[in-house]
1. Can you pull out every residue in the stretch 245-256 that is within 10 Å of the chain's Cα centre (by Cα) and either open to solvent by 30 Å² or more (accessible area, probe 1.4 Å) or not small (G, A, S) (or both)?
2. Quick check, is M72 hydrophobic (A, V, I, L, M, F, W, C), closer than 18 Å to A304 by Cα, touching a residue at least 12 places away in the same chain (Cβ under 8 Å) and open to solvent by 50 Å² or more (accessible area, probe 1.4 Å)?
3. Within the stretch 328-344, is even one residue in contact with a Gly (Cβ under 8 Å, 6 or more places away or on another chain), surrounded by fewer than 16 Cβ atoms within 10 Å (Cβ to Cβ) and closer than 19 Å to T193 by Cβ?
4. If I go through the stretch 120-141 residue by residue, how many of them are more than 20 Å from R222 (Cβ to Cβ) and part of a helix (DSSP H, G or I)?
5. Quick check on this structure: which one of E62, E6, E51 is open to solvent by 30 Å² or more (accessible area, probe 1.4 Å), without any contact (Cβ under 8 Å) to a residue 12 or more places away in the chain, closer than 23 Å to D292 by Cβ and not small (G, A, S)?
6. Would you point out which residue out of S145, S219 is over 19 Å from Y282 (Cα atoms) and surrounded by 22 or more Cβ atoms within 10 Å (Cβ to Cβ)?
7. Answer yes or no as to whether A117 is in contact with a helix residue (DSSP H, G or I) (Cβ under 6 Å, 6 or more places away or on another chain), under 14 Å from R18 (Cβ atoms), open to solvent by less than 40 Å² (accessible area, probe 1.4 Å) and not in a loop (DSSP other than H, G, I, E, B).
8. So which helices (runs of 4 or more DSSP H) are wholly in the stretch 175-244 and hold at least 2 residues that are touching an Asp or Glu at 6+ places or on another chain (Cβ under 9 Å), over 30 Å from G104 (Cβ atoms) and free of Cβ contacts under 8 Å to residues at least 40 places away in the same chain?
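The values are calculated or read from the model by the stated rules, or taken from the named source; none is laboratory data. These figures come from a predicted structure and were not determined experimentally. Every residue, glycine as well, gets a Cβ built from its backbone with ideal geometry; the counts of neighbours run over all protein chains shown. For the accessible areas, the whole protein counts, side chains as well, though only heavy atoms, and no ligand, DNA or RNA atoms are used. Shrake-Rupley method; radii C 1.70, N 1.55, O 1.52, S 1.80 Å.
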Amino acid sequence: MMESLEALTARVAAQRERLPALYGKVDFSITPERFAGSPDIPSTIHGEKGEAARRRFLADPETVARARAYTMLGDNVADAYAALMPQYGFKRLVALLTTACDEGLEAVPDAPPELVAFIRAMEDTPDWIDMSLIEDGARYSRNASANLAPFVVRGAFVATFLNKYSALPMALTGTLSHETAVRRIKETAAFFTTTALPGALGRFGSGFKAAAMVRLMHSMVRFNVLRGSAKWDVSVYGIPVPQVDQMPAGTIAVFLLAFKLMRQGRKQFTQRERAFVEFNRYRCWLLGLPEDLLPVTPEGIQDAMSLYSGTLRDGYDDETCGALVRATMAAYFPSSRKLSARIFDGLERSFARVFFNRSFLAGDTTGKAALMGVALRPYDTFVFIALGLFIYGRERLYKLALRMPVLRDIADRRLIAKLDRLLIEYGHAEYTTDATKYRDESFRASRQAAE
């Protein structure tokens with residue numbers, strides 16, 4: 001059963017008492033500047049249809065109240081575990097979590113209660129997720145993960161930097177440098193690639209472990225930003241990396257599918273599509289997202305994304321947003337400098353540039369795109385079209401093979417092998433955050449003295 005508004009509001013307010021080390025100075029009664037809860041505040045939703053939907057959402061006080069609550073909600077169990085850093089140190093927390101994921105809590109002598117609560121929460125799968133569909137959904141997702149994702153991950157990643165209110169945590173963690181941008185892209189790609197492997201989201205699977213590490217990383221960002229960054233103003237930005245900000249990245253593929261169906265006039269998913277949706281919902285739930293942010297119908301998914309866009313205040317700061325986009329688009333992605341790798345990097349970068357402009361800037365190549373430094377060059381569109389024909393053609397061939405009993409297993413094995421090779425290319429995902437990037441000198445000195 002979906003959480004009531006009263007219970008949700010109480011859970012948000014209780015963060016201050018439950019975790020004073022993180023939230024002791026946060027006033028949860030405020031509405032941060034980032035929250036666009038009335039029609040007169042510009043939001044990130046655009047277009048006549050989008051504005052009409054926004055007015056409908058904003059006319060419902062309970063919908064607005066729920067959206068505001070999620071803007072101020074962190075991750076209770078992961079935050080509590082991350083708050084142990086002054087006592088245990090970050091490396092020790094990662095080591096304990098790794099052991100608990102790989103071998104079970106019984107393999108962690110004197111496991112902190114916070115770690116136990118964290119793992120138990122991830123193990124306690126809710127009844128609103130149909131676990132019988134997860135493996136089918138993962139199988140369905142492997143085609144795009146192997147053939148399309150390597151070319152769009154950069155463009156999709158930078159799309160999260162278009163808004164200054166949601167992008168600031170990434171800037172504070174050092175992602176403005178090319179080296180850090182590469183690491184963040186590879187961590188993101190590695191997570192989604194890993195979870196698509198057979199059995200990865202099982203209790204002792206690599207995807208389950210990756211989800212736990214991502215949650216810890218996000219909680220470490222909250223811990224470090226709220227305790228040590230003079231740039232962070234809760235009255236302006238709310239809580240760093242709130243649960244609702246993770247929804248777009250975690251459900252973008254599902255949203256695109258739902259949006260396609262709605263344009264076609266379809267209101268229900270096919271069985272194959274339903275499995276794909278459930279796989280994504282479970283993956284997002286492992287990341288800490290609640291049922292309220294993970295609807296199951298095409299209309300519900302579209303509404304959830306529209307509500308998010310319609311309640312996030314529009315705001316662009318080139319020092320934050322533009323710098324993040326430029327650093328990410330300029331980063332060299334391959335792990336080698338061989339000629340073939342350099343050729344791939346050039347092609348992928350052109351493809352990502354066009355994908356980003358078309359998908360997230362509505363084809364604007366002279367305004368914001370130019371300001372960000374990602375306006376299309378004369379040859380980008382040609383590369384996009386030529387490479388797109390190859391990518392989508394190969395993806396469609398695999399899609400056809402996966403539906404043929406004789407070829408299905410062979411095609412799936414080939415996709416799994418491709419995913420394994422991609423993971424080697426992405427390298428070991430660290431899922432860490434460097435506190436020194438966003439703490440002032442006095443805080444660092446006191447932290448070092450405590451250690």
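1. Listed by number, the residues that qualify are D245, Q246, M247, P248, A249, T251, I252.
2. When the stated conditions are applied, M72 does not pass them.
3. yes
4. So the count comes out to 13.
5. E6
6. Just a single option satisfies the conditions, and that option is S219.
7. For A117, the condition - in contact with a helix residue (DSSP H, G or I) (Cβ under 6 Å, 6 or more places away or on another chain), under 14 Å from R18 (Cβ atoms), open to solvent by less than 40 Å² (accessible area, probe 1.4 Å) and not in a loop (DSSP other than H, G, I, E, B) - is not met.
8. none
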